[in-house]
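Worksheet: the structure to be examined is printed underneath.
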């Protein structure tokens, strides 16, 4: 019986060419009308206007801080002339997008009260998106040294890139990349000073010559307190590493510029006292410094001066 019904229906479908099965409409009658979904922008490589609230921040962003003053300036520019360079995004499930490049423009557009932003949609994997984000940031000039160091470290760790390969992809010098990576050997406290702009890249490089985190931290505190220049920091570190050689160099330099008569008087006093004597003279004014190592030496100085 069931077979006969099926055969008859099949015959009806085939014998009546004007009648077509309305399968889609039958499902709609059971489940209700299909929701209307706006078509997603295609990855055409051309800029498209995408709603700002449909774009999510990139969780792999290497930049940890944004200058509020510069963001405000960019927002004013966007208000006046719009976004000149589109951001780059990739499509996510659910009709959303994730930033790959252009977070400053995205933030500034929000501050400017814009509802959309020109964006280029790229079809890329998680790994490709991460690499694009890191490389784009490294090509900018306003990353602080620690942000650059961590970005290079991620390229090395997550993508197994050599320093030569990173140099090719970012346009940076290989030796510079090596120097940035060395910053990660600094104690965390000093990395914080570099990130805050209290110590420069040059200061940090000089401190790396010291042989322990404790010595680095002590030296960094002094350099920061005295506001030493990079050159002064380098000299200070060399003095810590070679205290005797620094002292000898200083004395030798002073002896070369010393007046012959002053030098002769200095040598006579040294012979008379049997102690180290240094005369600092500038146009007839100065001081005589006598070094002693114990009470007996001090008594000898008093005796030479005629004191009991």
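Coordinate-derived values only; no laboratory data. All values reported here derive from a predicted model rather than from experimental measurement. As a convention, Cβ positions derive from the backbone with ideal geometry for all residues, glycine included, and neighbour counts pool all protein chains shown.
Calculated FRET efficiency, residue 128 to residue 189, Cβ-Cβ distance, R0 = 41 Å: about 0.70 to the nearest 0.05. Between residue 179 and residue 198, the contour length at 0.36 nm per residue exceeds the alpha carbon distance by 5.0 nm. FRET efficiency for the residue 53 to residue 81 pair, using the beta carbon distance and R₀ = 30 Å, is estimated at 0.85.
Counting beta carbons within 10 Å around each of 184, 240 and listing the fewest first gives the order 184, 240. Counting 0.36 nm for each residue step from residue 297 to residue 285 and taking away their Cα separation leaves a gain of 1.7 nm.
Neighbour counting of Cβ atoms within 10 Å sorts the residues 235, 115, 109, fewest neighbours leading, into 115, 235, 109. In this calculation the C-beta distance from residue 96 to residue 158 is compared with R0 = 30 Å, giving a FRET efficiency of 0.80. Look at the Cα gyration tensor of the stretch 57-123: its axes a ≥ b ≥ c give a/c of at least 1.5 with a/b at or below b/c, and that counts as oblate. Annotation: extensible slack from residue 261 through residue 232 equals 7.2 nm (criterion: 0.36 nm per residue apart, minus Cα-Cα distance). For the pair the stretch 185-207 / the stretch 105-130, the C-alpha centres are spaced 32 Å from each other.
Each label point was placed 7 Å from the Cα along the Cα-to-Cβ direction; for residue 305 and residue 139 their separation is 7.2 nm.
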